[in-house]
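Chemist: Next up is a structure, given as structure tokens.
Every number here is computed from the coordinates shown, using simple stated rules; none is lab data. Note that the coordinates shown come from a computational prediction; the quantities given were computed from them, not determined experimentally. Cβ sites come from the backbone with ideal geometry, for glycine too, and all protein chains shown count toward neighbours.
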Amino acid sequence: ASPEETAEGAEAVLILTEWPQFRHADWTAMAARMQRKLVLDGRNLFAPGELEAFGLRHRGIGRGAEREPAPAAQAG
């Protein structure tokens, strides 16, 4: 019936649509209902760090991992 209800007891929420009701959901209420508080964002609807403000872990699928730059080669 609502995005918030779908989160009840969930280990994770998978976002597979760009529907506005998910973009503008009450993420505080969703986090309170979830067990593991993980959002897998298959549409990259949210920017990195955006859902962490609600106590959720967010992973954008296909966005790529952030990595430390490789150390520069030392001149010999």
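Chemist: Work out from phi, with θ = phi - 60° and the Karplus expression 6.51 cos²θ - 1.76 cosθ + 1.60, the ³J(HN,Hα) of each residue of region 43-49, listed in order in whole Hz, and give x for Gly and Pro.
Modeler: Each residue of region 43-49 in turn: 10, 6, 5, 10, 6, x, x Hz.
Chemist: Just to be sure I understand the model, the point goes 7 Å from the Cα along the line to the Cβ. What's the resulting I61 to L40 distance in nm?
Modeler: For I61 paired with L40, the spin-label model returns 0.6 nm.
Chemist: Given H placed 1.01 Å from N in the peptide plane, which residues other than close sequence neighbours of N44 have an amide H under 5 Å from its amide H?
Modeler: Close amide H contacts, sequence-distant or interchain: I61.
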